[in-house]
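The values are calculated or read from the model by the stated rules, or taken from the named source; none is laboratory data. No experiment lies behind these values; they were computed from the predicted model shown. We place every Cβ from the backbone using ideal geometry, glycine too, and count neighbours over all the protein chains shown.
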């Protein structure tokens with residue numbers, strides 16, 4: 001038996017993909033807490049050390065596994081900032097709901113001082129970026145006041161979606177999203 | 001050695017308080033993930049089964065342990081709904097920051113299908129209630145429009161605070177809170 005070189009982190013793309021796929025499936029089936037590195041490795045048909053060769057911990061592998069399913073919402077451009085905001089919020093809800101099991105987000109965050117937590121935060125922040133873009137465009141067009149607190153609004157939207165979907169596990173209705181978008185101080 | 005009756009869940013208030021205190025301290029020191037039931041029991045000087053006699057799982061004991069520190073923010077009454085909102089948001093940030101380690105919230109939520117998660121959600125919802133009250137008062141006074149989406153605003157405030165404090169671990173500044181409160185459609 002020859003030893004694999006440790007310097008090549010992606011030398012076996014099939015095993016790599018099998019691990020990500022196993023992580024996704026296990027989290028969906030038993031939740032983040034029960035989806036241990038051992039269980040992920042067993043389902044992927046690899047040894048536990050193979051997982052640790054590529055990821056430092058469970059949070060990192062699960063985060064990478066779910067990242068693909070967290071496609072960034074597009075930047076809507078309907079010509080009206082209110083409609084753009086509504087479209088963006090709908091996309092955000094779809095994206096977060098796609099996680100399937102909100103315990104992934106919470107679980108990755110719960111691991112103290114881990115790379116996985118930072119990675120997840122970066123992924124989420126990235127997904128909230130189109131909101132900033134559509135609000136800035138609304139300001140440029142004169143639909144919204146020049147002193148609009150863009151960051152505060154985007155973070156409150158992000159927080160609203162996370163609170164409803166991850167914390168309360170109550171998906172917002174379209175009426176809820178219309179109310180939220182309707183709070184923008186659009187000039188009539 | 002005589003067996004303790006199982007029917008009396010709070011028969012030993014000193015041990016009960018020692019466990020809650022141990023849970024609080026351990027979570028603050030090592031984070032939710034590392035604060036196992038075994039470690040909590042050891043620090044409290046009781047057996048692991050004593051913990052399980054009173055709480056079904058780690059999430060339940062940790063949630064009860066931190067609930068005391070999550071005092072509900074008061075309902076401010078400054079005479080101006082904008083100032084009330086700002087005061088409420090300041091109290092909300094203080095309350096959530098008092099958790100000390102945001103991994104408690106995330107960790108309790110990560111446990112799938114557990115009582116602890118429900119308990120934590122109820123506690124958080126309770127803490128967001130004063131926001132509803134101050135907005136309703138603002139509507140009654142005519143400071144805010146009658147069709148104000150009160151629930152959407154309160155949930156976006158709650159989400160904003162959770163997103164900043166628990167997810168990003170970046171405490172909002174007073175300027176941030178002023179911007180958020182300033183988004184209310186107060187009639188001038």
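Of all residues in the range A:70-81 being surrounded by fewer than 17 Cβ atoms within 10 Å (Cβ to Cβ) and modelled with pLDDT of 75 or more, which is nearest to residue A:23 (Cα to Cα)? Show your work before the answer.
Filtering the range A:70-81 down to residues surrounded by fewer than 17 Cβ atoms within 10 Å (Cβ to Cβ) leaves A:71-72, A:74-75, A:77-80.
Narrowing further to those that are modelled with pLDDT of 75 or more: A:75, A:77-80.
Values: A:75: 30, A:77: 36, A:78: 38, A:79: 41, A:80: 41 Å.
Restricting to residues being surrounded by fewer than 17 Cβ atoms within 10 Å (Cβ to Cβ) and modelled with pLDDT of 75 or more, the top hit is A:75.
Given A:140, A:179, A:170, which one is without any contact (Cβ under 8 Å) to a residue 40 or more places away in the chain and within 9 Å of chain B (Cβ to nearest Cβ)? Let's see the steps before the verdict.
Numbers: A:140 fails: within 9 Å of chain B (Cβ to nearest Cβ); A:170 fails: within 9 Å of chain B (Cβ to nearest Cβ).
Being without any contact (Cβ under 8 Å) to a residue 40 or more places away in the chain and within 9 Å of chain B (Cβ to nearest Cβ) holds for just one of A:140, A:179, A:170, which is A:179.
Regarding the range A:146-161, can at least one residue be identified that is at pLDDT 65 or above and more than 24 Å from residue A:90 (Cα to Cα)?
Yes, because at least one residue in the range A:146-161 is at pLDDT 65 or above and more than 24 Å from residue A:90 (Cα to Cα).
Taking residue B:149, is it farther than 12 Å from residue B:85 by Cα and either in contact (Cβ under 8 Å) with a residue 40 or more places away in the chain or buried (at least 21 other Cβ atoms within 10 Å of the Cβ) (or both)?
no
Could you check the range B:22-38 and list, in sequence order, the residues that are closer than 24 Å to residue B:125 by Cα and at pLDDT 85 or above?
Correct list: B:23, B:24.
Right, residue A:41: at pLDDT 85 or above and closer than 12 Å to residue A:23 by Cα or not?
So residue A:41 fits the description; yes.
Any idea how many residues of the range A:9-33 are part of a loop (DSSP other than H, G, I, E, B) and surrounded by 13 or more Cβ atoms within 10 Å (Cβ to Cβ)? Reasoning before the result, please.
Start the filter on the range A:9-33 by keeping residues that are part of a loop (DSSP other than H, G, I, E, B), which leaves A:9-12, A:31-33.
Okay, now just the ones that are also surrounded by 13 or more Cβ atoms within 10 Å (Cβ to Cβ), so A:11-12, A:31-33.
Number satisfying all stated conditions: 5.
Would you point out the residue of the range B:34-54, among those that are in contact (Cβ under 8 Å) with a residue 24 or more places away in the chain and crowded, with 21+ Cβ neighbours inside 10 Å, that is nearest to the chain's Cα centre (by Cα)?
B:35
Considering every residue within the range A:107-129, establish whether at least one is modelled with pLDDT of 85 or more and in a helix (DSSP H, G or I).
Within the range A:107-129, one or more residues are modelled with pLDDT of 85 or more and in a helix (DSSP H, G or I).
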